[in-house]
Amino acid sequence: MSPPSDIPSTQNGMERPSFESFDAKIATAMTDPRFDGANGLTDYLGLRIVEVTPGRATAEVEVRPELLQAFGAVHGGVVAVMVDQVLGAAVFPLVPRGTWPATLEFKLNYLAAVREGTIRATGEVIAMRQRTAVVQVEVTNDDRPVALAQGTLSLHPPKT
């Protein structure tokens, strides 16, 4: 499957992987505000998955006073939750139904403080094997880079 025409076939000089499958129904469901994949923390943060395409997912959070720490910037944990959420969301529609992509680890570099506006995290699968996937995440605040991350997920196949 080739990437959508608006997404380059290379990023940072690396060839984008191709994916054998992509479940468009799951991807569409993930962007529905009623998606039952949400949980208490993502609901509290107001995290919304706004786009899912083959090997790519984007989430957004609107900055509000409850998300700010004592120095007036968004708490780093908000960004970390966003990264963790898009790591899985980028992979979930690519794996067979019943497979659970679980985050093993991620490295997160904070580049700038966020004080207002919209935080947007976009994850892109850069490698996918039978049991693991690696995803890079770019986090922006109103188009300004504020964090970069890379994470590894373990792909747990359905129990038979």
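The values are calculated or read from the model by the stated rules, or taken from the named source; none is laboratory data. Owing to the predicted nature of the structure, the values given are computational and were not obtained by experimental measurement. Positions of Cβ are generated from backbone atoms using ideal geometry, with glycine treated the same way; all protein chains shown enter the neighbour counts.
Observations on the structure shown:
- Evaluating VAL63 against the criteria (1) within 28 Å of ALA113 (Cα to Cα); (2) modelled with pLDDT of 85 or more; (3) under 15 Å from the mean Cα position of the chain (by Cα) leaves one unmet condition, (3).
- The listed residue being more than 27 Å from SER21 (Cα to Cα) and over 15 Å from the mean Cα position of the chain (by Cα), out of GLY98, GLY117: GLY117
- Number of residues in segment 42-76 that are touching a His at 6+ places or on another chain (Cβ under 8 Å) and farther than 24 Å from GLN150 by Cα: the value is 2.
- Qualifying residue in segment 61-76 (condition: in contact (Cβ under 8 Å) with a residue 24 or more places away in the chain, more than 23 Å from ALA24 (Cβ to Cβ) and part of a helix (DSSP H, G or I)): yes
- Residue selected from segment 115-130 under the condition of a type in the set (D, E, K, R) and modelled with pLDDT of 95 or more, by the criterion farthest from GLY76 (Cα to Cα): GLU124
- Scan of segment 38-89 for residues that are within 22 Å of PHE106 (Cα to Cα), of a type in the set (Val, Ile, Thr) and in contact with a Gly (Cβ under 9 Å, 6 or more places away or on another chain), ordered by number: ILE49, THR58, VAL61, VAL83, VAL86
- Within segment 92-129, the set of residues being aliphatic (A, V, I, L, M) and free of Cβ contacts under 8 Å to residues at least 40 places away in the same chain comprises LEU111, ALA112.
- Any hit, segment 78-91, residues being in contact (Cβ under 8 Å) with a residue 40 or more places away in the chain and farther than 28 Å from PHE19 by Cα: yes
So that you can scan it fast, the table gives a plain yes or no per residue for (1) modelled with pLDDT of 85 or more; (2) farther than 20 Å from LEU153 by Cβ; (3) not small (Gly, Ala, Ser):
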{"site": "ARG16", "(1), (2), (3)": "no, no, yes"}
{"site": "GLY37", "(1), (2), (3)": "no, no, no"}
{"site": "THR42", "(1), (2), (3)": "yes, no, yes"}
{"site": "GLU51", "(1), (2), (3)": "yes, no, yes"}
{"site": "ALA57", "(1), (2), (3)": "yes, no, no"}
{"site": "LEU68", "(1), (2), (3)": "yes, yes, yes"}
{"site": "VAL91", "(1), (2), (3)": "yes, no, yes"}
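- VAL86 being at pLDDT 95 or above, touching a strand residue (DSSP E or B) at 6+ places or on another chain (Cβ under 7 Å) and either of a type outside the set (Phe, Trp, Tyr) or surrounded by 13 or more Cβ atoms within 10 Å (Cβ to Cβ) (or both): yes
- Scanning segment 18-72 for residues that are among the small types (Gly, Ala, Ser), under 17 Å from ARG97 (Cα atoms) and surrounded by 14 or more Cβ atoms within 10 Å (Cβ to Cβ) turns up ALA27, ALA29, GLY37, GLY55.
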